[in-house]
Every structure is written in structure tokens, then in C-alpha cells.
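Colleague: Questions regarding the structure given below will be posed in turn.
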Amino acid sequence: MGTWIVIAIVVLVVLWLVFTYNGLISARNRTQEAWSEIDVELKRRHDLIPNLVNTAQGYMGHERGTLEAVTNARANAVAAGATGDPAKIGAAENLLSQSLRSLFAVSENYPDLKAITAFTNLQETLTATEDKIEFSRRFYNGNVRDYNIKLQTLPTSLIAGALGFKAFGFFQADEGDRAVPQVSFGNMPSAGGPPGPGSLPPAAGSGPPSMGSSGPPPQS
């Protein structure tokens with residue numbers, strides 16, 4: 001009788017391990033898939049910005065500081081993406097979003113630029129991409145929350161580390177990302193000013209981990 005009890009306990013433990021392991025695998029895969037959606041949208045935005053700056057620079061020559069801010073923010077975002085650290089990527093992308101909003105606000109004072117179809121199309125595409133990034137951010141963070149809760153909840157937490165599962169970091173938006181940019185129109189130039197910053201370097205091929213790799217990096 002005692003032997004059968006031991007066998008039953010062993011079978012139950014094995015079944016629990018199997019179901020727990022499969023549940024963690026599913027949660028990790030969902031999180032990696034959610035990260036890959038963010039990765040796609042971020043790279044799309046990085047690829048669109050050089051065309052936007054090149055289109056605007058002939059009409060916003062006296063707004064060189066605004067254009068350079070976009071250029072530098074884009075370069076920093078590409079560099080942060082290569083680190084694979086959600087905290088660094090989030091901070092850099094937030095600054096890029098703010099610089100783009102400032103550029104769009106300034107562009108309202110240049111009717112000749114706003115009349116260019118290429119510029120308005122790029123602006124609309126970037127705005128739509130911003131919305132997709134925000135949606136993907138929320139979806140990813142929701143999956144990270146659920147996955148991390150699984151790892152931290154008993155009894156799963158007792159075996160998760162031994163099975164090689166680690167917590168993922170959140171992709172946070174800070175308060176500055178929602179702030180309204182302060183723009184001054186004190187010196188509005190006429191169209192056709194000197195060109196702004198030159199062409200931008202292409203986006204780096206290595207970004208945050210996508211679905212096919214090891215996934216977003218763990219929290220420190």
C-alpha cells in the first residue's frame with residue numbers, strides 16, 4: 001500500500017512539473033512575441049525619420065536646433081536598441097518621441113512645408129507608428145507582468161530558476177513622454193533657408209532581442 005502511495009506522489013509531482021514548465025514556456029514565448037512587435041515598430045520609425053528630416057531641412061533652415069535634436073535623438077535610440085536593455089531603449093525612445101513632437105509643432109508655422117505631400121504623409125505615418133508603439137508597449141508590459149508573477153509565485157518560484165527562467169524587464173514610458181513640448185515661434189523665417197543637418201546613418205541591424213532569439217533581457 002505504501003509503495004502505491006509513493007508512486008502516486010511521484011506521478012503527481014512529475015505531472016505538476018510538466019504543466020508548470022509548459023506554462024512558463026508559453027508565457028515566455030508570448031512575452032518574446034510581444035517584444036518582437038515593439039522591435040518592428042521601433043525600426044520602422046527609425047527608418048522613416050531620415051526622410052522626414054531631409055524633407056524638412058530645406059524649409060526649416062532656421063530651426064536647425066530642432067532638426068539636430070531629432071537627428072541626435074534618433075541616433076541615441078538606435079544605439080540604445082543595440083544594447084537590448086528595455087530601460088535604456090525606453091528612455092531613448094521617449095526622448096525621440098518628444099523631439100518629433102517638437103518638430104511637428106514647429107512645422108505648423110511653415111505652410112510651404114505643410115503643403116508638401118511627402119512631409120504630411122511621413123508625419124501621418126510616424127504618428128500612426130507612435131500609436132502602434134504605445135499599443136505594443138502595453139501589450140508587452142502586460143505579458144511581462146503575467147510572466148514575472150508566475151516566476152515569483154509559490155511553488156513555481158522554487159523551480160523556475162533551476163529550470164533557467166528569468167524575469168523580464170518592463171518597457172516603460174516616463175512622464176516626459178506625455179508632456180506637451182514647449183515651442184517658441186519668436187523668429188519665424190521665410191521658406192528656403194539654409195539646409196539643416198545632413199543625411200542620417202541607417203538604423204543598426206542589431207536591436208532588442210526578437211521572438212526568435214533569447215527574448216527581452218531580464219530585470220537587473
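Colleague: Which pairs have Cβ atoms under 9 Å, sit 6 or more apart or on different chains, and link a residue in region 41-64 that is touching a residue at least 60 places away in the same chain (Cβ under 8 Å) and within 30 Å of Phe171 (Cα to Cα) to one that is buried (at least 22 other Cβ atoms within 10 Å of the Cβ) and among the basic types (Lys, Arg)?
Modeller: So the pair list comes out as Arg45/Arg74; His46/Arg74; Ile49/Arg74; Pro50/Arg74; Val53/Arg74.
Colleague: Can I ask one more? Could you grab me the full set of residues in region 1-44 that are within 17 Å of Ile159 (Cα to Cα) and polar (S, T, N, Q)?
Modeller: Matches in region 1-44: Thr20, Asn22, Ser26.
Colleague: Something else: For Ala77, all conditions in the list (1) touching an Asp or Glu at 6+ places or on another chain (Cβ under 6 Å); (2) surrounded by fewer than 21 Cβ atoms within 10 Å (Cβ to Cβ) hold save one; what is the number of the exception?
Modeller: Condition (2) is where Ala77 drops out.
Colleague: So, one more: Which members of region 22-33 meet the condition of being in contact (Cβ under 8 Å) with a residue 12 or more places away in the chain and closer than 15 Å to Ala167 by Cα? Talk me through it step by step, then tell me what you get.
Modeller: Step one: filter region 22-33 for residues in contact (Cβ under 8 Å) with a residue 12 or more places away in the chain, giving 23-24, 27-33.
If the condition is that a residue be in contact (Cβ under 8 Å) with a residue 12 or more places away in the chain and closer than 15 Å to Ala167 by Cα, then Gly23, Leu24, Ala27, Arg28, Asn29, Arg30, Thr31, Gln32 are the ones that fit.
Colleague: Still on this structure: Would you mind telling me which numbered condition in (1) in contact with a helix residue (DSSP H, G or I) (Cβ under 9 Å, 6 or more places away or on another chain); (2) at pLDDT below 90 Met1 fails?
Modeller: Here Met1 meets the rest and fails (1).
Colleague: Within the group Ala162, Ala105, Ala118, Ala128, which residue is without any contact (Cβ under 8 Å) to a residue 12 or more places away in the chain, part of a helix (DSSP H, G or I), surrounded by fewer than 18 Cβ atoms within 10 Å (Cβ to Cβ) and of a type in the set (Gly, Ala, Ser)?
Modeller: Details: Ala162 fails: part of a helix (DSSP H, G or I); Ala105 fails: without any contact (Cβ under 8 Å) to a residue 12 or more places away in the chain; Ala118 fails: without any contact (Cβ under 8 Å) to a residue 12 or more places away in the chain.
After ruling out the rest, the residue left standing is Ala128.
Colleague: Can you find, within region 63-111, the residue that is farthest from Thr129 (Cα to Cα) among those that are of a type in the set (Asp, Glu) and in contact with a helix residue (DSSP H, G or I) (Cβ under 8 Å, 6 or more places away or on another chain)? Reasoning before the result, please.
Modeller: So in region 63-111, the residues of a type in the set (Asp, Glu) come out as 63, 68, 85, 93, 108.
Adding the requirement that they be in contact with a helix residue (DSSP H, G or I) (Cβ under 8 Å, 6 or more places away or on another chain) leaves 63, 93, 108.
On the way: Glu63: 24, Glu93: 12, Glu108: 20 Å.
Ranking the qualifying residues of region 63-111, first place goes to Glu63.
Colleague: Select from region 61-102 the residues that are under 14 Å from the mean Cα position of the chain (by Cα), over 18 Å from Gln123 (Cα atoms), of a type in the set (D, E, K, R) and in a helix (DSSP H, G or I) and list them in ascending order.
Modeller: Lys88 - this is the single residue of region 61-102 that is under 14 Å from the mean Cα position of the chain (by Cα), over 18 Å from Gln123 (Cα atoms), of a type in the set (D, E, K, R) and in a helix (DSSP H, G or I).
The values are calculated or read from the model by the stated rules, or taken from the named source; none is laboratory data. Predicted model, so just to flag it, every value in this text is computed and none were measured. Virtual Cβ from ideal backbone geometry, glycine too; neighbours counted across all protein chains shown.
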